[in-house]
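Below is one structure, written out as structure tokens; the observations come after it.
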Amino acid sequence: MTRYTRYQGAIMRDSHILLLQQTEHSTGRSYWLLPGGKKESGETEQQCVQREMLEETGLHVRVDELLLDESIASENINRRQTYLCFVLAGEPTPGYEPEDAYADAYSFTDVQWVDLGRPAAWATDVVADQGPLLQQLRSALDNLDETNRTEVT
């Protein structure tokens, strides 16, 4: 399998970020992640993120800017780019995987808003699945807020 860049969305509402639960069909194992996937031919990164958010969460989003760009060691993913997104329309719901190979392997089973400002309130399974990434996103958003405050004054 060819390794690829995963484009994912940090969909924000107030201080909350949307997480998507994915459940593997063969094992029943569930875990939380940010919605996202790989680019299709002819897509820009922002178009990819918009499409993936719609497919996986039912939300139309505005893609603002790149928050994180990381090299990662995964069997099929070599890089992960996380974009700041805001809801334009829709209510979050577990979406679908349009690619048959992936749809046969897992389903999206739940969504939840997690308060980035209250790490002590994060559920144990969320911390186990995404704790380090959520902390990175908190820092990136804090730095973004600091930059915006500096530019305004």
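Since every read-out is calculated from the coordinates, none of them should be taken as a lab result. Quantities reported herein were computed from a predicted structural model and do not represent experimental measurements. For neighbour counting, all protein chains shown are included, and Cβ atoms are generated from backbone atoms with ideal geometry for every residue, glycine included.
For every other residue with a beta carbon closer than 13 angstrom to the beta carbon of residue 113, add +1 if it is Lys or Arg and -1 if Asp or Glu, then tell me the sum.
-2
Can you list residues whose amide H is under 5 Å from residue 77's amide H, if they're 5+ apart or on another chain and H is modeled 1.01 Å from N?
4
Which residue, 94, 35, 119, tops the fluctuation ranking in a GNM of the chain built on C-alpha contacts under 10 Å?
Per the Cα network of the chain with a 10 Å cutoff, 119 tops the list.
Between beta-carbons, use under 13 Å as the cut-off and find the net charge around residue 60, counting Lys and Arg +1, Asp and Glu -1.
Surrounding charge for residue 60 is -2.
Test of understanding: what is the full-extension gain from residue 51 to residue 79, defined as 0.36 nm times their sequence separation minus their Cα-Cα distance?
The span from residue 51 to residue 79 would gain 8.2 nm if fully extended.
Quick one: helix 124-152 against the long Cα principal axis of the chain, what's the angle to the nearest 10°, folded into 0 to 90?
Value to nearest ten degrees: 40.
Under a Cβ-only charge scheme (Lys and Arg +1, Asp and Glu -1), can you give me the dipole magnitude of region 4-152 about the Cα centre, in debye to the nearest 20?
The calculation lands at about 240 debye.
Considering only 62, 118, 138, give the residue with the highest GNM mean-square fluctuation for the chain, with springs between Cα atoms whenever their separation is below 10 Å.
118
I need to check one value: relative contact order of region 4-152, counting alpha carbon pairs closer than 8 Å and at least 6 residues apart, in percent.
Relative contact order of region 4-152: 29 percent.
Between residue 105 and residue 93, what is the spin-label point distance in nm, taking each point 7 Å from the Cα along the Cα→C-beta axis?
Result: 2.6 nm between the two label points.
Give the angle, between 0 and 90 degrees and rounded to the nearest 10, that separates the Cα long axis of helix 45-57 from the longest principal axis of the Cα atoms of the chain.
For helix 45-57, the angle is close to 70 degrees.
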